[in-house]
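Have a look at the structure below before the remarks.
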Amino acid sequence: MKTFILRTILIITLFFTIIDVYSQPTPTDSLYRKVEAFGQALPQEKVYLHLDNTCYFIGDTIWYKGYVTQSNTGTLTTLSRILYVELLTPDGYLVERQQLEMPDGMAHGMFVLTDSLYAGYYELRACTRWMLNFELCEYPHVKNTEDNFYSKKMAKEFFRDYEKLYSRVFPVFDKPEVAGEYLKDMTLRPMRRYYKKPRNRNPNSTCASIPKAATSWRAPRHGWPSNSTTRTGNT
């Protein structure tokens, strides 16, 4: 009888010990709760753009519709009211930046590929002001390289990037020479680079050369959201 009672007490004690162990939060649960609390306190936004095509020709119009969702709810955002969309050339230079009003988390717009542009791989980027608060990075560089730009601001924007931006690259082909014959020809142009003229140490010489290292740099990125072209709405 005593043995039976001891076994019963041992089984009950072991049972409650196991329950107590499994009821305690694990490191994974603790991390999940911290991430969830951060998402509730500082919700992030994500942009989706739907385009009307996968490639274009010079002279076409790019039609798009944008959706901005909120991370803590998974629905259309209520944080931002303006969507910034910009089109960049293959060299990385800004063609046009648009500000679109989105009272319900959605917006739509268009970009016209005028005849003054050229074939190549263009980039479409989009974001809200709130998205610029996250994942800001600056590429490492030597301080002396900033002297090759027109201004310190241009140099700073060149080496800065935002990882949360929406980005999509698509091909743009030459304008068809004959209507109806859509040949996917792409006449590539030498990439343009604009740099500040270096100081001429020899006053008798009028020639100035661009440093060789400058030819390997990527094109500068334009900052957000200055120099913007307003489509609809107000900032």
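Before moving on, here are some points about what is shown:
- Length added when fully stretched, Lys46-Asp60, from 0.36 nm per residue minus Cα-Cα: 2.3 nm
- All-pairs Cα distance distribution in segment 34-144, expressed in whole percent, bin size 10 Å: 12, 37, 29, 18, 4, 0
- Among the trypsin sites (Lys or Arg not before Pro) in segment 130-188, those placed in a DSSP loop whose Cβ has at most 16 other Cβ atoms within 10 Å are Lys184.
- Calculated diffusion of segment 106-179, Stokes-Einstein form, Kirkwood radius summed over Cα pairs, 37 °C and 0.692 mPa s, µm²/s: 208
- When you count the other C-beta atoms within 10 angstrom of each residue and take the mean per peptide, 87-93, 169-175 line up highest first as 87-93, 169-175.
- Under 13 Å of direct C-alpha separation, and excluding same-chain neighbours fewer than eight residues apart, Lys184 reaches these aspartates and glutamates: Asp174.
Computed from the coordinates by the stated procedures, all read-outs in this text should not be read as laboratory data. This one's a predicted model, so the numbers in the text were calculated from it and none came from an experiment. Note that we place each Cβ from the backbone using ideal geometry, even for glycine, and neighbour counts take in every protein chain shown.
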